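Heads up, the thing below is written out as structure tokens.
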Amino acid sequence: MELNIPQDAEDAIRADIQAKADMQSISLLMQFAEADGDISEYLTSEQIAQVIDQVCDTYECDKESRSDWAEVAEEALKEIGETKSNAKDFPWPGASNVKYPLLATAVMQFNARSYPAIVKGDEAVSCKVLGNDNGMPRLDDQGQPLFQFQGLPVAFLPQGPVVITPQGPSPLPEGGDPEPVWARAPGDKTKRAARVRQYMNYMLFYQMDGWEAETDTLLFQMPAIGCGFRKSWFDGRKHQSKFVPALKLVVNNAAKSLDDAPQITEEIDGIYPHQIKRDIRTGKYRADVTFNDDEKDARLLIEAQAYFDLDDDGIDEPYIVTIDHKSKQLLRIVPDFGPDQVQLAQTDVAYIERRKFYTKYGFMPNPEGQFYNIGLAHLLHQYGNVINTLINQMIDANTAAVAGGGFVASGLKIQGRGQSSSLKWRPGEYKTVPVAGDALRSGIVERTFPQASPVMFNLLDLILGAARDIASIKDILTGEGSNNGQVGTTLALIEQGLQVFTAIYKRVYLGLKGEFKILFGNIGKYADEAAQAAYMELLDDPAADIMQDFNAADMDICPVSDPSSVTRMQRMTRAQFLLSTVETLQAVGGDVREVLRRVYEAADVDDIDKILPAPPPPGPEQAMAMADMEATVRGKVAKAVKDETDAAAKAASVELDAGSLQLDRDKAELEALKTGMGMVDAG
């Protein structure tokens, strides 16, 4: 039997079914978002197979896209760490195979300059306050600022300001100044920034194991191969950070940034089967993962941030997938989003943001606009090959010239007792031969070996100079330059030599800024009562509230160091310049003590306050001047309040006069109306 359902009713039924399906999909999505750990139990075997295939295929494709870059990077790291050279067979077995340490020298120079400039003691983070810090007064319902006097509210009446007490309004005492009621007092943002800076530096240097040591490694690998990465996350107990080499983080080279990359894959090697079995028993990995008992070698795991549509709503969601690369087994799949990352449009999901774990540190941008930056290895690759070839040719030419050799006539009999036809000499040795001198001279022809051409030396000097320019290895920076020049000249030479590195340092600081923002967000997101207690105990500040301090509404995190001041020599040269201005400073009444403080800071002197004398207390004249200034300021404030009160009273008086005039007019009109009505009645 066929039912005839009206079209409107059918559309309503379909819409209701679709709405229910959408709500079920959103419900499943929120269930994934709130899940803690592996969710593979909610997936079918077909979905799991699809996840494995997509992650592995994308990983191989992304790795192939960066193969040219990776080839140079792997060769560079091998060259820097190489302790012996391979044997050469040209032009003869055992020929010279020297490799000039151009890349290693450049990398060590960059690391030696950048590491102490970026990590100064235990200070790496500073907080920049956006906007002014003059305070924000609390407003009433009409949008007017509120005032108080000794904790009691103040109202401005036509007759003057009054204090609202429990007994009623009371005139403001003579000389009493009302104070604004602050929603945020002046200086609060600066104090908050100081608390955040102190706490984040404490986390980096004393709570996050290895952050400083891995920063050293990062600043060594990054200039060599072009980039490096840092991973920051919260493991449920504490905040963690680790350096991820660029060769271990696989991203498609066509991606513009980490945010745009469809998949970010980290290679986790050195994981042994017994470790995986332990994680299976603890519930971190899936229970149905199996390995052969005879497998003892370390395995490669790939952990990818990727997108899949596992709730069948037509929108891909971000997940973290861990796979054993050799066996292609899924170890776990974890949602890479929480409820806060799900952006809804009415009843539909608009999009889902994935979490940020990785921060990129770049050396120089890739000229082709690709994701992986280029490093000194890519810039010096051809130069290094030419330099090594020239040096080895000169060594081989000198070896051949020293060793000698030539031709001996076949009829010349030079063998003596116990001698062969080939004679070899030690220094200072003479050999007796049964041949006359003339016959010996005519029977032996010395082979001539061409000496190294002066052009070769000039070419080597030219190539070395060009390579050093690229690497910015200057005498003044390596400590080999003259220190007899004037301060301005030396400072100018340093500035000129650091132009390239200053730009690179700014890219490093950009990476630091991104990393600190992730840490800043994680501290606020995962703060609990224990974290609040530790925060207050560390800072000893009753105003310290970790939830209030660690929100990004008006705070921007940036590195504390100045990217233009990157060497100790540069800081000391600037300190020397300050010292040369002391006499002029004294003549104009400047603060010499502050100059000395900056000089000692440039020299990394500890306990400066113990060296510098305390500033003298203000004398009677200074105290009187300060008192006069304070009285002047208070008088101006009182006058401003009085002027405002007088203006309000005058406005109220004018309004009252206008009201009285209008009342008189109304009375006159009323009397006239009454008179008119009486005349009508009389008629």
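Here are some notes:
- Karplus-derived 3J(HN,Hα), 6.51/-1.76/1.60, for each residue of the range 37-46, Hz, glycine and proline x: x, 5, 10, 5, 5, 7, 9, 7, 5, 5
- Here the range 122-211 yields Rg over Rh of 1.26, to two decimals, using C-alpha coordinates and the Kirkwood radius.
- Surface listing: Val595, Val98 arranged by accessible area from highest to lowest gives Val98, Val595, probe 1.4 Å.
- Taking θ as phi - 60° and the Karplus parameters 6.51, -1.76 and 1.60, the scalar couplings of the range 197-207 work out to 4, 5, 6, 5, 5, 4, 5, 5, 9, 10, 10 Hz in sequence order, x denoting glycine and proline.
- Amide proton proximity set for Leu258, modelled H, under 5 Å, gap of 5+: none
- Inter-site label distance for Lys128 and Asp609 at 7 Å from Cα along Cβ, in nm: 2.9
- Of His239, His381, His325, His274, the residue with the largest accessible area leads and the full order is His274, His381, His325, His239 (1.4 Å probe).
- Ranked order, Arg574, Arg354, Arg468 - accessible area, probe 1.4 Å, largest first: Arg468, Arg574, Arg354
- Highest to lowest packing among 387-397, 120-130, scored as the average C-beta count within 10 Å: 387-397, 120-130
- Cross-link pairs Lys231/Lys256; Lys238/Lys517; Lys128/Lys191; Lys238/Lys328 - those with Cα-Cα distance over 23 Å: Lys238/Lys328
- For Trp92, the solvent-accessible surface with a 1.4 Å probe is about 90 Å², rounded to the nearest 10.
- Amide H contacts for Gly135 (H built 1.01 Å from N in the peptide plane; partners 5 or more residues away or on another chain; cut-off under 5 Å): Gly187.
- Gain upon complete extension [Asn366, Glu179; 0.36 nm per residue less C-alpha separation]: 61.5 nm
- Backbone geometry of the range 147-154 corresponds, through the Karplus equation with coefficients 6.51, -1.76 and 1.60 at θ = phi - 60°, to 3J(HN,Hα) couplings of 10, 9, 9, 6, x, 9, x, 10 Hz, x marking Gly and Pro.
- Amide H contacts under 5 Å for Phe308: Glu317, Tyr319, restricted to partners 5 or more places along the chain or on a different chain, H placed in the peptide plane at 1.01 Å from N.
- With distances taken between every two different alpha-carbon atoms, the range 41-166 has a Kirkwood hydrodynamic radius of 24.5 Å.
- Cα shape, the range 247-287, gyration tensor, a/c 1.5 rule: prolate
- Assigned charges on the beta-carbon of Lys, Arg, Asp, Glu; the range 297-396 dipole about Cα centre (debye): 580
- Within the accessible area of the range 28-178 (1.4 Å probe), percent carbon and sulfur: 52
- Spin-label model distance (nm) - Cys61 vs Ser453, 7 Å beyond Cα toward Cβ: 5.2
- Ligands, DNA and RNA excluded, the heavy atoms of Val455 present near 100 Å² of accessible surface to a 1.4 Å solvent probe.
- Packing-based ranking, highest mean first, of 155-163, 355-363, 404-412 given that Cβ atoms within 10 Å are counted: 355-363, 155-163, 404-412
- Anisotropy class of the range 188-312 from Cα gyration tensor, a/c 1.5 cut: prolate
- Convex hull of Cα atoms in the range 335-381, direction-averaged projection (nm²): 5.4
The values are calculated or read from the model by the stated rules, or taken from the named source; none is laboratory data. Keep in mind that this is a model prediction, so the values were computed, not measured. Quick reminder, even Gly has a Cβ in these numbers, built from the backbone with ideal geometry, and neighbours come from all protein chains shown. For accessibility, only protein heavy atoms count, side chains too; no ligands or nucleic acids. Shrake-Rupley method; radii C 1.70, N 1.55, O 1.52, S 1.80 Å.
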